[in-house]
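Quick notes on the structure that follows.
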Amino acid sequence: MVESLKTWSQEVTGPDGSFRIQGRLASGFERLAECFVANFTTHGERAASVSVMHKGREVAHLWGGLARRVDQEEAAQWTEDTVCVVFSTTKAATAVCVHLLAARGRLDLDAPVAVYWPEFAAHGKDAITVRMVLDHSGGLPAVRAPLKPDCLTDHAYMTAAIADSAPFLPPATRTAYHPVTGGFILAEIVRRVDGRSLGAFFDAEIARPLDLDFWIGLPEEQENRVALIEHFVPQKGSAPTAFGTALREQGSLQNLFFFNHGDWMARGVNTRAGRMAQIGAASGVTNAASLARFFDALRPGGALGLTADALSGFGQASSATHLDAMLLQPTRFGPGFMLRMDNRGYGGTPVGDSFLIGETAFGHVGAGGSFGFHDPAADLSMGYAMTQMGGGFLVNPRGAALIQCAYDLTSSASL
């Protein structure tokens, strides 16, 4: 007999005032709630949700905090059905769309992108394969030509600019994280192969079959559920990073990416136009429960019907480096997924910029700290979404504490 989850709630005072954190927990998972509360009282959390699934069933789902809402002037309680933008965690959803088409024999991951999108071959990009785009070894992490401010909300404009670009690096010679370009390339492949846009394909083939509150291109009728993003503001006097130093070098990859991808991140993310845009690298709107269920569907025998061989490949590094040409730190990627990255101690910092999931786990982190992943060895799936962005490229202390707690609790659980 499966044990039912218990209702849990607690009044908390956070940065914006008092509110209630609530949810449900399996017996023995109370410490995850304590960890979640501590993020609000100690680490500046403002509004968030976290969800954990173990052996195919939910064992924890918590939400709370105060968030600015689309339709309200005052911050309001984060509720169970609240959603928010999860930035690059969207990349995992985009990748699964591509994997579904491959599983159905519609495309070959090791074929050149130009097989499906002939214009992409221009300027020496003919050898870049779909798999190279998925694992960030394609060599096109930015665009040199100046882009218009609303470029990310204009798919046709971006794909034309990418097709007319030359690679920065020879394909498959070095890992260089593609913050934005990879999402547009994969979305255009989906459109060329299937005929539907990325958002329409994801909705019909993944989100609706799995009953997820997850969109790449948010429908207008869902706008009243959205919590607005709070941007990260670095503290004055913070130690310079390698990325920050390179950012100031005119023409560097970092400079081109940061200053030549329009104003969606700075302004558009909290607008209707920004949320309705189908940005495969960044504009996904969802919450922790749907992220956890999405990744749990990537278990053998899951509802999406992907083979065990395909799923086992998700957690295998096909691209890894001690110095990512874009992020300037160690990275490891599978075909569309971030893998375990233990950068503690790298760059002289004890915490580092890490994603401390299991050795065979796969997932993705979004700007500011959102994440989702599945760990086959632990049979653990997890999601986390929040409004207050944190620093770094990977998981910040709030998410790291939740991940560690989930692993500790599930390793000793007898479910």
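The values are calculated or read from the model by the stated rules, or taken from the named source; none is laboratory data. Note that the structure is predicted; figures quoted are calculated from it, not measured. Counting neighbours? That spans all protein chains shown, and the Cβs are built from the backbone with ideal geometry, glycine included. Accessible surface areas use protein heavy atoms only, side chains included; no ligands, DNA or RNA. Shrake-Rupley method; radii C 1.70, N 1.55, O 1.52, S 1.80 Å.
Numbers for the structure displayed
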quantity: Whole-Hz ³J(HN,Hα) from phi, Karplus 6.51 cos²θ - 1.76 cosθ + 1.60, for the range 83-95, glycine and proline x; calculated: 10, 8, 5, 10, 6, 6, 4, 4, 4, 5, 5, 4, 4
quantity: The range 1-142, accessible area per residue, ligands and nucleic acids excluded (1.4 Å, Å²); calculated: 39 Å²
quantity: Surrounding net charge for PRO179, when Lys and Arg each add one and Asp and Glu each subtract one, Cβ distance under 13 Å; calculated: 0
quantity: In Å, descending, principal axis extents of the Cα set of the range 195-340; calculated: 48, 39, 31
quantity: Cα-based reach from LYS55 at 30 Å (exclusive), listing lysines while leaving out same-chain residues under 8 positions away; calculated: LYS6, LYS91
quantity: Placed amide H near GLY14: partners under 5 Å, 5+ positions off or other chain; calculated: PHE19
quantity: GNM top mover of TRP264, TRP117, TRP78 - the chain, alpha-carbon springs below 10 Å; calculated: TRP117
quantity: Rounded percent of accessible protein surface that carbon and sulfur make up, the chain, 1.4 Å probe; calculated: 53 percent
quantity: Inter-probe distance in nm under a simple model that places probes 7 Å from Cα toward Cβ, at VAL233 and ARG272; calculated: 2.9 nm
quantity: Within the range 304-364: Cβ-based charge dipole about Cα centre, in debye rounded to nearest 20 (Lys, Arg +1; Asp, Glu -1); calculated: 60 debye
quantity: For the range 32-83, alpha-carbon Rg over 2.2 N^0.38 Å; calculated: 1.28
quantity: Accessible area in square angstrom per residue, the range 296-415, 1.4 angstrom probe; calculated: 34 Å²
quantity: Compactness index (Cα Rg / 2.2 N^0.38 Å), the chain; calculated: 0.93
quantity: For the range 229-247 and the range 263-330, distance of Cα centres in Å; calculated: 24 Å
quantity: Net lengthening on full extension, ARG208/THR307 (0.36 nm per residue, minus Cα-Cα); calculated: 33.6 nm
quantity: Per residue, in Å², the accessible surface of the range 143-192 once ligands and nucleic acids are set aside, probe 1.4 Å; calculated: 38 Å²
quantity: Förster radius 22 Å - calculated FRET efficiency between HIS123 and ALA156 (Cβ-Cβ, nearest 0.05); calculated: 0.70
quantity: Gain upon complete extension [ARG104, ARG57; 0.36 nm per residue less C-alpha separation]; calculated: 14.1 nm
quantity: Counted charge near THR82, where neighbours are those whose Cβ lies closer than 10 Å (Asp, Glu -1; Lys, Arg +1); calculated: -1
